[in-house]
Amino acid sequence: MSLCLQARQLACERDDRWLFQGLDLEVRSGEIVRIEGPNGSGKTSLLKILSGQLSDYQGELFWNGAAMNEAREHFLANLLYLGHAPGIKSGLSPLENLAWYQALSGESGNEEQRLEALERVGLAGFEDVPAGQLSAGQQRRVALARLTLTPRALWVLDEPFTAIDRHGVADLERQLVAHAQAGGCVLVTTHHELTASPLLRRISLG
Amino acid sequence: MWAFIHKLGSPKWFYGISAKLQPWFWAAAALLIVTGSLWGLAFAPADYQQGNSFRIIYVHVPAAFLAQSIFIAMAVSGLVFMVWKIKVADMAAAVMAPLGAAMTFVALFSGAVWGVPTWGTWWMWDARLTSMLILLFLYLGVIALRGAFTSRDSASRAASVLAMVGVINIPIIKYSVDWWYTLHQPASFTLTSRPAMPTEMWLPLVIMVLGFYCFFIALTLMRTRSEILRREANKRWVQELVTGQVVKVPAEEAR
Amino acid sequence: MPLREHNGGLMTAVKATLVRDLTLLLRRRGEVLNPLVFFALVITLFPIAISPDPELLAVIAPGLLWVAALLAALLSLDSLFRSDYDDGSLEQLLLAPQPLVALSLAKVAVHWLLTGLPLALMAPILGIMLALPAGSYAVLALSLALGTASLSLIGAIGAALTVGLARGGVLLSLLVLPLYIPVLIFGAGAVQAAIFGEGVSAHLAILGALLAASLMLAPWAIAASLRISING
Amino acid sequence: MAFDSFSEFLAMGGHAPYVWSAWGVTALLLLATVWHARAEQRQLIKGLKRRARRANSARGNAQ
């Protein structure tokens, strides 16, 4: 089953200033869509609207052909959103952080899976260290471990390359391409130049 | 019905219709308040227990009525704004809050002054005064919350939610304060509760209450109009209205 | 990549949120202890400021204990959603395919468990220091346990509304304290009634009714407020 | 008429300070809100006019 997220005549007004207007957009399985635009052009707001966090917009959203209001639960069950802040609790260990995220979507999961996901992002050996003692890049990697731990079709990533070293960037880029090839879909904003790929599409704001 | 609601939601339409309504409410308010004041101050008989200090009732009760009604009106506007996203409702709610706080203050002040000849003290923890004091804090909370946000959209939503939470709580607060008051002061004299008031005493009161309501509506219309101008300053119809001529937008000029 | 159907798991999510918040707070024990120390400190101030006379203290003790406990519960409210907001996990909570109402209720439950309940258990000890008449200790603890649950729920609305603001702390008390008054009236009233030897069941029943009403209505307001704050 | 003379009316049966201060503060507040609303409206329209003039002249210069 393929996925399809559509936006029709999307417009967002923040405090009497139009961030964007009349935006039509469609993302499907097998695509990496990069949202581009200068600072303040509304990239983050667009991602928040598309991920269903901001309800203050005009226009319509459709998830697999159904209006977003009705398909919201199904949409959220297939969404993985990573925002500016990694969403990692400094008082909990990476393992505990991941356990909460797994449970949040209704799966209890098991420790094996979490250890494996942490190893995949190069955090083997840090499983039980309080996340507060990890570097910013390592915390970001804990968040990125969710990409493999809780597989979701639609990834919405806001600046996912922040604070990650060059090796990690290459890894993540490969992961994005592999996800699209496997029939998933990636919506991403980044200042980092993504390697050209037939799957990559750009949408410009502002 | 729907078309009407959406028409009402258009600031431009509201700006036009309120201009027509406003003078009537101002006239009614002036007429009623002047009549009620003269009647209440000079013609109504003095109370047999309280004498002429009783005449404070003609400002105290209308202000107290209005203070409570404005909070309810504010919450209803907030609900309309949240459910139908009608911006005019939020603008009205925004301008109502300060007037509501002012009316609460009037009710508190007149009640306190009234207390001197009646109880011999400036402040008594009377049920009505205590509820009014709490209402004043609720108003201040809504005003402060609206002012605390940098984004106006968030401020509007937050103030709407708080007004709705407050309006659910007001009756609970009122009943619990009444209960608390009767527990601590069993057989005391309350300012305004009396078994039967002669017609020439309560009729001016009714006139004053109506006058205050008209005043509230007129002032809210007027200040909502200002709020519309403030928020829609960039819209073409506002610029046309202000300059009195058709404003060309740059895109049209280029053509 | 196959699409998943949403397959419940609400209990898993709520349980995990309870465990997570409990773990976090128990690891930062200072945050749990601060309100309790504050409670004890404020109660110490009153005999010093008013009079050490046990007879006088006994009269005002119910009110003092309730006001001090209420302020102590208020003190810890600001941090209820703040750290989640700062580190981005609040966004994730909002995007979980579970009802936000249930998840925020779990967070409030943890707040009560580690603030309201300890305050209620500690109050009788401070009651002894204020010469609270015998026979009212159980009612004091019970009324506080019931009342602080309502306080946590109502206060969480204010905390959710102000979590996006840089200096929300003072504003939070302005918003929340007026709403606390009914709980204060019936809570302190219950203890007083117990002292006078009157029946306390009416007071406790009203406190229970207030709790039921807050349980029904507050979670929706909290969820709506969180959505507003996350957009700010 | 409840009073026999104007001076009696002013005296309010010995309750003059209370009655007149309560009524005075109320009247003052009502008038102040009206005055404030009027001033607010005038100032807004003045500001909008100034803005429109500036925009007009800027556009004129550009042509």
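Read-outs: derived from the displayed coordinates by stated rules, not from any lab. As the structure is a computational prediction, the values presented were derived from the model and not from experiment. Note that each Cβ is placed from the backbone with ideal geometry, even for glycine, and that neighbours are counted across all protein chains shown.
Under the Karplus relation 6.51 cos²θ - 1.76 cosθ + 1.60, θ = phi - 60°, what is the ordered set of whole-Hz ³J(HN,Hα) values for the stretch B:22-28, x standing for Gly and Pro?
3, x, 5, 5, 4, 4, 4
Whole angstrom only: what separates the Cα centroid of the stretch B:99-148 from the Cα centroid of the stretch C:154-168?
Cα centroid of the stretch B:99-148 versus Cα centroid of the stretch C:154-168: 25 Å apart.
Which of C:Val101, C:Leu114, C:Leu45 sits closest to the plus end of the dipole of the stretch C:26-146, meaning its Cα is farthest towards the positive end, when Lys and Arg get +1 and Asp and Glu get -1 on the C-beta?
C:Leu114
State, as an integer percentage, the relative contact order of the stretch C:23-231 based on alpha-carbon contacts under 8 Å between residues 6 or more apart.
Over the stretch C:23-231, the number comes to 26 percent.
Classify the stretch D:4-58: rounded, prolate or oblate, from the alpha-carbon gyration tensor (a ≥ b ≥ c, eigenvalue square roots; a/c under 1.5 rounded; otherwise prolate if a/b is larger than b/c)?
Because a/c hits 1.5 or more and a/b exceeds b/c, the stretch D:4-58 counts as prolate.
I need the shape label for the stretch A:104-194. Rule: rounded when a/c is under 1.5, else prolate if a/b > b/c, else oblate, with a, b, c from the alpha carbon gyration tensor.
oblate
Compute the FRET efficiency between A:Arg28 and B:Thr121 as 1/(1 + (r/R0)^6), taking r as their Cβ-Cβ distance and R0 = 51 Å, and round to the nearest 0.05.
Taking R0 as 51 Å, the efficiency between A:Arg28 and B:Thr121 is 0.10.
Taking beta carbons within 10 Å but only from partner chains, what does the mean come to for residues C:189-197?
1
Under the definition of partner shielding as Cβ atoms of other protein chains within 10 Å of a residue Cβ, what is the mean value for peptide A:62-74?
Averaged over the peptide's residues, the number is 1.
What is the average number of partner chain Cβ atoms found within 10 Å of a Cβ in C:157-169?
Mean shielding count: 3.
Using label points projected 7 Å from each Cα along Cα→Cβ, tell me how many nm separate A:Val129 and A:Cys4, to one decimal.
4.7
Mind putting a number on the dipole of the protein assembly as shown about its Cα centre? Charges go on the C-beta only, +1 for Lys and Arg and -1 for Asp and Glu, and I need it in Debye to the nearest 20.
Here the size comes out at about 2560 debye.
Rounded, prolate or oblate: which fits the protein assembly as shown, taking a ≥ b ≥ c as square roots of the Cα gyration tensor eigenvalues, rounded meaning a/c under 1.5, else prolate when a/b beats b/c?
The shape class here is oblate.
Counting helices only, and only those DSSP H runs with n ≥ 4, report the 222 nm mean residue ellipticity of the protein assembly as shown as the sum of -39,500 (n - 2.57) divided by its residues, in deg cm²/dmol to the nearest 500.
Mean residue ellipticity at 222 nm (helix-derived): -23000 deg cm²/dmol.
Can you give me the long-range amide H partners of A:Glu31? Hydrogens built in the peptide plane at 1.01 Å from N, cutoff under 5 Å, separation of 5 or more residues or another chain.
A:Val186
Only bridges with both residues in the protein assembly as shown count here: give the DSSP antiparallel percent, nearest 5.
45
Any chance you could tell me what percent of the C-alpha pair distances in the stretch A:45-134 go past 21 Å?
Summing the P(r) of the stretch A:45-134 above 21 Å gives 45 percent of all pairs.
Taking only Cα atoms, what is the 0 to 90° angle, nearest 10, from helix A:111-120's long axis to the longest principal axis of chain A?
70
As I understand it, the dipole of the protein assembly as shown uses +1 on the Cβ of Lys and Arg and -1 on the Cβ of Asp and Glu, about the Cα centre. Which of B:Val238, C:Ala202, A:Gln175 lies farthest toward its positive end?
Of the options given, the answer is B:Val238.
Which value results when the Cα radius of gyration for chain C is divided by 2.2 N^0.38 Å?
Normalised Rg, Cα atoms only: 1.09.
Along each principal axis of its Cα atoms, how long is chain B end to end? Whole angstroms, biggest number first, please.
Sorted from largest, the Cα extents of chain B read 80, 37, 33 Å.
Quick one: 3J(HN,Hα) in Hz for the stretch B:87-98, Karplus 6.51/-1.76/1.60 with θ = phi - 60°, rounded, Gly and Pro as x.
Whole-Hz 3J(HN,Hα) from phi for the stretch B:87-98: 5, 4, 4, 5, 4, 4, 4, 5, 7, 6, 4, x.
With labels modelled as points extended 7 Å from the Cα through the Cβ direction, what inter-label distance (nm, one decimal) is found for A:Asn39 paired with C:Ala166?
About 1.7 nm separates the two model spin labels.
Pull up the cross-link candidates among the lysines for B:Lys12, meaning alpha carbon to alpha carbon under 20 Å and not fewer than 8 places away within one chain.
Candidates past the 8-residue exclusion: B:Lys20, B:Lys85, B:Lys87, B:Lys235, B:Lys248, D:Lys46, D:Lys49.
So, in Å, what gap is there between the alpha-carbon centers of the stretch A:1-65 and the stretch C:1-68?
Taking the Cα centre of each part, the stretch A:1-65 and the stretch C:1-68 sit 42 Å apart.
How many angstrom lie between the Cα centre of the stretch C:71-127 and the Cα centre of the stretch B:5-59?
Result: 47 Å between the Cα centres.
Distance in nm between label sites at A:Arg201 and B:His184, each 7 Å beyond Cα in the beta-carbon direction?
Computed distance between label sites A:Arg201 and B:His184 equals 6.8 nm.
Once the other residues with Cβ under 13 Å from the Cβ of B:Phe25 are scored (Lys, Arg +1; Asp, Glu -1), what is the net sum?
+3
Return, ordered by residue number, the residues of the stretch A:1-29 whose backbone nitrogen is under 18 Å from a label point located 7 Å along Cα→Cβ of B:Arg236.
What the label zone holds, given the 18 Å backbone N cut-off, is A:17-18, A:21-22.
Against the longest alpha carbon principal axis of chain D, how many degrees, from 0 to 90 and to the nearest 10, is the axis of helix D:16-62 turned?
Roughly 10 degrees, rounded to the nearest 10.
What FRET efficiency, computed as 1/(1 + (r/R0)^6) with R0 = 35 Å and r the Cβ-Cβ distance, is obtained for C:Leu121 and A:Leu115, rounded to the nearest 0.05?
0.30
Sequence-distant or interchain residues sharing an amide H contact under 5 Å with A:Glu13, placed H: which?
Result for A:Glu13 returns A:Leu19, A:Gln58.
Could you work out which residue, out of B:Thr182, B:Thr104, B:Thr224, moves most in a Gaussian network model of chain B, that is, has the largest mean-square fluctuation with Cα springs under 10 Å?
B:Thr182
Taking θ = phi - 60°, what integer Hz values does the Karplus form 6.51 cos²θ - 1.76 cosθ + 1.60 yield along the stretch C:178-183, in sequence order, with x for Gly and Pro?
These are the phi-based 3J(HN,Hα) values: x, 6, 7, 4, x, 4 Hz.
Expressed as a rounded percentage, what relative contact order does chain A have, with Cα pairs under 8 Å and six or more residues apart?
31 percent.
Quickly rank A:184-194, C:144-154 as a protection proxy: mean count of other C-beta atoms within 10 Å, highest first.
So the peptides A:184-194, C:144-154, ranked by packing, come out C:144-154, A:184-194.
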